[in-house]
Amino acid sequence: MSTILVIAEKEIREGLRNRWVLATTLLLATLALSLTFLGSAPTGNVGASPLDVVIVSLSSLSVFLVPLIALLISHDAVVGEMERGTMLLLLSYPVRRWQVIVGKFIGHLAILGFSTLVGYGCAALALAFTGGDIGRESWAAFASLIGSSVLLGAVFVAIGYLVSALVGERGTAGGVAIGIWLVFVLVYDMALLGLLVVDQGRTVTGGMLNALLLMNPTDAYRLINLGSGSAGAISGMGGVADIATLVPAALLAALLAWALVPLAAAIFVFSRREL
């Protein structure tokens with residue numbers, strides 16, 4: 001365990017040295033504060049609390065931004081170190097390959113978790129200090145937003161590791177990572193929407209829609225944060241959530257599986273890769 005923590009600490013120090021921690025924290029905080037002060041204007045019209053509107057705005061932002069940040073910090077975790085020759089040096093110490101992957105994963109997840117907590121936390125503190133009327137349910141939904149955003153980041157960090165363990169060049173890993181981001185964040189949902197419009201409920205049943213939504217981690221994330229309560233009414237996702245009938249526990253389990261399966265695959269591929 002101490003070996004894994006040492007590698008995780010190394011990744012955190014590298015993140016601090018190359019300004020990844022500072023850049024992601026400032027980016028998330030700036031966008032969150034902008035959405036807080038500009039996006040909460042329509043609360044008087046929809047009858048929702050300011051924090052509910054912020055949750056909807058931040059959830060929509062996180063679907064695009066968190067996967068991209070996670071892939072950017074993880075796509076060269078293996079192949080980048082192999083190109084620089086530092087992986088051979090690292091493995092010359094008494095450390096196993098799975099410990100390298102798990103240690104890097106913990107380090108990168110800590111960076112992403114810190115940036116998300118501080119960045120989005122600034123938005124919540126700003127609302128609290130401006131005296132908005134915020135109920136306990138809204139605060140619970142905001143805490144769920146932060147936790148699920150970190151879990152969404154873990155999914156794409158793990159996918160980035162799998163890509164990094166499979167390819168032979170850092171540039172290839174970057175191109176594949178961007179392609180994966182486009183598929184999960186943009187292409188998949190557009191294709192699913194087109195299918196539902198064309199089908200008109202003739203073939204796609206509720207159970208099939210559940211399976212299709214769980215096949216994309218960003219859709220599971222959307223349903224967790226936008227599928228119920230005030231956020232569901234504001235975002236328009238409440239209707240989709242009612243048809244899909246996926247409970248939050250199933251959605252969280254799906255996100256957890258999306259994080260663990262690629263991570264296990266990355267460990268398997270890296271353990272058999274020639275250096």
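The values are calculated or read from the model by the stated rules, or taken from the named source; none is laboratory data. None of these values were measured; they are calculated from a predicted model. In this analysis, Cβ positions are derived from the backbone assuming ideal geometry, glycine residues included, and neighbour counts consider all displayed protein chains. Accessible surface is based on the protein model in full, side chains and every heavy atom, while ligands, DNA and RNA are left aside. Shrake-Rupley method; radii C 1.70, N 1.55, O 1.52, S 1.80 Å.
Per residue, how large is the accessible surface of the chain? Use a 1.4 angstrom probe and give square angstrom. The partial results should precede the final answer.
Working: 13030 Å² over 275 residues.
For the chain, the per-residue accessible area is 47 Å².
Roughly how many percent of the accessible protein surface of the chain is carbon and sulfur, given a 1.4 Å probe and a whole-percent answer?
Using a 1.4 Å probe with all protein chains present, the chain comes out at 69 percent carbon and sulfur.
Tell me the relative contact order for the chain as a rounded percent, counting alpha carbon contacts under 8 Å between residues six or more apart. Can you show the working numbers first?
Working: 333 pairs, mean separation 79.1, N = 275.
Once normalised by length, the contact order is 29 percent.
Taking the structure as given and computing Cα Rg over 2.2 N^0.38 Å, which label from (1) 1.07; (2) 1.23; (3) 0.99 fits?
Identified label for the calculated read-out: (1).
Once the other residues with Cβ under 9 Å from the Cβ of V79 are scored (Lys, Arg +1; Asp, Glu -1), what is the net sum?
Residues near V79 contribute -3 overall.
Could you work out how far helix 20-39 tilts from the main Cα principal axis of the chain, as a 0 to 90 degree angle to the nearest 10?
10 degrees
In degrees between 0 and 90, to the nearest 10, how far off the longest principal axis of the chain does helix 2-17 point, with axes built from Cα atoms?
70 degrees
Nearest 10 degrees is fine. How inclined is helix 188-199 to the longest principal axis of the chain, computing both from alpha carbons?
Value to nearest ten degrees: 40.
Grab the Cα-Cα distance for R202 and F129, subtract it from 0.36 nm times how many residues apart they are, and report the gain in nm with one decimal.
Working: separation 73, 0.36 × 73 = 26.28 nm, distance 5.07 nm.
Value of the extension gain: 21.2 nm.
Leaving ligands, DNA and RNA out of it, rank L26, L246 by accessible area with a 1.4 Å probe, largest first.
L26, L246
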